[in-house]
Amino acid sequence: MSDDAQGGPAPEQDPSQQTPQAEGDSPRRDFFRSAVAAVGVIGVAGALHGKYGSAPLIASAQAQTPAGGVQRQWWPSRWGPNDEAGASNWITPEKVLDASKWIRDGRIFRIGRVYEQGMPMFGARAYSLRIPGGPTGGPFGDNKLIYNDEFLAAEVGQSGTQFDGLGHIGLQMGPDGDKNQMRYYNGFTEQQVGGAYGLQKLGIEKVKPFFTRGHLIDVEGARGAMWEAGQEIKLDWIRNALQKQGMNEADIKPGDAVFFNTGWGKLWMKNNDRFVAGEPGIGMEVARWCIEKGVSLTGADSWATEVVPNPDPKLAFPVHAELITKHGIFNHENLQFDELIAAKKYQFVYIFSPAPMKGATGSNGGPIAVT
Ligand code: UVW
C-alpha cells in the first residue's frame with residue numbers, strides 16, 4: 001500500500017531548501033553518543049517559503065527520510081484529520097469475531113515481563129516502587145483490617161514491558177524549539193500535543209483496546225542463534241522463519257499484530273548493559289512490509305523492536321517514526337515469547353488494553369496471547 005493509500009493525501013513539501021543538521025541535547029542523543037556511538041540526528045534544517053504560519057517567508061526545516069531525502073507530509077491519517085486512535089481503529093467487532101476463531105485450546109500465555117527493580121532501562125529512565133510502612137495502614141475496625149499501598153516513581157508507560165502510544169514519537173521538521181514544526185501522528189504539533197501534566201493530544205487513553213490476531217515470527221529459531229546488536233532482520237529472514245514455522249505470509253491481515261523473536265530477550269536481567277547498548281531488530285524494509293500488510297501493532301523481545309544502531313548511521317529510530325508517527329502503528333516492547341515458542345504456538349489472539357492514564361505516552365501492563 002502506498003503512503004497515499006495508507007495515510008491519506010500526502011502533499012509534497014518543498015524539497016529544495018535544506019540546511020545543515022540541528023543537534024540538541026536530549027537524553028536520547030546522549031545515549032547514542034555514549035552507548036551506541038554511530039548514530040546521527042534526524043533533523044535536517046531548511047529554509048522554506050511560508051508553508052507554516054502566516055509569514056510569507058519563515059525559517060523552517062525538515063526531517064531527513066530514511067532514504068536520505070526530505071520528509072513528505074504524512075497527515076491527515078486514513079482515519080481522518082482528528083483521529084487520535086491510529087491503527088487501534090482496526091479493532092472492530094468484526095475483527096474481534098474473526099480473531100476469536102483462533103482460540104482453540106483456551107491456553108493463556110503471558111507475554112509481558114515482570115516489572116522489578118533493576119530491570120534494564122533505556123537512557124536515564126527510572127522505575128522505583130516503594131511500600132512505606134508495613135503495613136501501610138490500619139488496623140481498622142474491630143476486625144483489625146490492615147492494608148498495603150505502593151508508591152511508584154517511574155516513566156510508567158516507558159519502562160519494562162511497554163506499549164508505545166502515538167504521542168511517544170514525533171519528528172522535528174523545523175528549527176530547534178519551534179513547537180509548531182514538531183509533528184506527531186496525524187500531523188499534530190508539539191504545540192497541540194505537549195502538556196506538563198500529560199499530553200493534550202494522542203494520550204494513551206485514546207487507544208482502543210486490542211483483541212486481534214497475533215503472529216509470532218521466530219527469527220532466532222530460523223537462524224539457530226540469537227541475533228546481535230546492529231543486525232537488521234531483513235524480509236528474507238522473515239520469510240525463512242515463516243516457512244520454517246509452517247506459516248503463510250498471506251495469513252497476515254489488516255489489523256493483525258506481528259511479533260519478532262530475536263533472542264535478545266535472553267539478556268534481560270542477565271546482562272542489562274549489553275541489552276540496552278543496542279539490539280537486533282527490523283529496519284525500514286520490514287517496517288514497510290508491515291505497513292503494506294496494514295498491521296495494527298509490532299512487538300519484540302527487545303526494547304525498541306527495531307535495529308539499534310540503525311545501519312544508516314545518520315538515522316535514529318527511523319522505524320519508530322515510520323510506524324508510530326507516520327502510520328499510527330503501535331509498538332509493544334520488552335515482550336517474551338519463550339513459552340509460546342516451546343509450545344510451538346505461533347498464532348494466537350493478542351489481548352491488551354493500555355492502562356488509560358490520561359495524557360501518558362505509553363502503557364505498562366500484562367499483555368497475553370490466547371491460543
Ligand atoms: C525510544 O523512546 C526511542 O525508545 P523506546 O520506544 O524503544 O523506549
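Considering only segment 297-321, how many residues are closer than 24 Å to residue 73 by Cα and part of a strand (DSSP E or B)?
Going through segment 297-321 one residue at a time, the tally reaches 3.
Being in a strand (DSSP E or B) and in contact with a His (Cβ under 9 Å, 6 or more places away or on another chain) is the filter here, so list the residues in segment 337-362 that pass it.
Across segment 337-362, the qualifying residues are 347, 348, 350, 352, 362.
It is to be established whether one or more residues within segment 175-185 are open to solvent by less than 40 Å² (accessible area, probe 1.4 Å), of a type in the set (S, T, N, Q) and more than 16 Å from the ligand (Cβ to nearest atom).
yes
Within the set of pairs 6+ apart or on separate chains, which have a first residue in segment 320-337 that is without any contact (Cβ under 8 Å) to a residue 60 or more places away in the chain, a second that is within 15 Å of the ligand (Cβ to nearest atom) and in a helix (DSSP H, G or I), and C-beta atoms under 9 Å apart?
323/287
Assess whether residue 316 counts as being within 11 Å of the ligand (Cβ to nearest atom) and touching a residue at least 12 places away in the same chain (Cβ under 8 Å).
The answer is yes for residue 316.
Name the pairs whose Cβ atoms lie under 6 Å apart, with the first residue in segment 112-125 and open to solvent by less than 50 Å² (accessible area, probe 1.4 Å) and of a type in the set (Gly, Ala, Ser), the second part of a loop (DSSP other than H, G, I, E, B) and within 13 Å of the ligand (Cβ to nearest atom), and 6 or more positions between them or separate chains?
Note: pairs meeting the criteria are 112/161.
Might you check whether a residue that is of a type outside the set (Val, Ile, Thr), part of a strand (DSSP E or B) and away from the ligand (no atom under 12 Å from the Cβ) occurs anywhere in segment 325-336?
Scanning segment 325-336, I find no residue that is of a type outside the set (Val, Ile, Thr), part of a strand (DSSP E or B) and away from the ligand (no atom under 12 Å from the Cβ), so the answer is no.
State all residues of segment 317-330 that are open to solvent by 20 Å² or more (accessible area, probe 1.4 Å) and touching a Gly at 6+ places or on another chain (Cβ under 7 Å); if no residue qualifies, say none.
Correct list: 326 only.
I'd like the full set of residues that are assigned to a loop (DSSP other than H, G, I, E, B), within 16 Å of the ligand (Cβ to nearest atom) and open to solvent by less than 20 Å² (accessible area, probe 1.4 Å), limited to segment 165-174.
165, 166, 167
The values are calculated or read from the model by the stated rules, or taken from the named source; none is laboratory data. Note that the coordinates shown come from a computational prediction; the quantities given were computed from them, not determined experimentally. No Cβ is skipped: glycine too gets one built from the backbone with ideal geometry, and neighbour counts run over all protein chains shown. Ligands, DNA and RNA are stripped out before the accessible areas are found, and what is left, the full protein with its side chains, is counted by its heavy atoms. Shrake-Rupley method; radii C 1.70, N 1.55, O 1.52, S 1.80 Å.
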